[in-house]
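The values are calculated or read from the model by the stated rules, or taken from the named source; none is laboratory data. Bear in mind the structure is a predicted one, so any value in this text is a computation, not a measurement. So basically every Cβ, Gly included, is an ideal-geometry build from the backbone, and we count neighbours across all protein chains shown. What goes into the accessible areas is simple: the full protein's heavy atoms, side chains included, and nothing from ligands, DNA or RNA. Shrake-Rupley method; radii C 1.70, N 1.55, O 1.52, S 1.80 Å.
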Amino acid sequence: MVGGSFAAHPGGIIDFDVQITRRDDPIVKGLTDFRMRSEQYYMLLDPNIEVLATTTFTGQADPSVKDVVMPVVWRKLYGKGRVFNTTLGHVAADFDVPQAREIVRRGMLWAARIPGAGDDPKPANPYR
């Protein structure tokens, strides 16, 4: 239902960058790329998610994932419901990063269908 499943977090708690990929989307609009110190999640993903932010693995902790670009923020529809997901927020201190805190706030408003929080994503399945 959420569009992804945890596979691993190579290196445990590390420093990594988050890149905003859909700068026009209301959940991330106006936010800049940012740095986190947390777990950088390696996920198994539904191809129908709409990716809003990613991270790129350096391979320092695990050479097999070097240069892998992994979604960290996405949204999707599930039946008539909206699903917002982020891999950010392993510990409360993650939300000391203003962008991470704002993404979660906006994502919850979008999922709750609060007016002005954004529209439904367009179907994104690359296999259609």
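Numbers for the structure displayed
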| quantity | calculated |
| --- | --- |
| Count of residues meeting criterion [open to solvent by less than 50 Å² (accessible area, probe 1.4 Å) and in a strand (DSSP E or B)] in region 8-57 | 16 |
| Per-region count, region 68-99, residues closer than 16 Å to Trp110 by Cβ, surrounded by 20 or more Cβ atoms within 10 Å (Cβ to Cβ) and among the hydroxyl-bearing types (Ser, Thr, Tyr) | 1 |
| Verdict on Val65 being open to solvent by less than 60 Å² (accessible area, probe 1.4 Å), within 21 Å of Gly4 (Cα to Cα) and at pLDDT below 95 | yes |
| Output for region 44-100, where each listed residue is of a type in the set (Lys, Arg) and in contact with a helix residue (DSSP H, G or I) (Cβ under 8 Å, 6 or more places away or on another chain) | Arg75, Arg82 |
| Residues of region 58-102 classified as assigned to a strand (DSSP E or B) and among the charged types (D, E, K, R), total | 3 |
| Filter result (at pLDDT below 95 and within 12 Å of the chain's Cα centre (by Cα)) within region 89-128 | Gly89 |
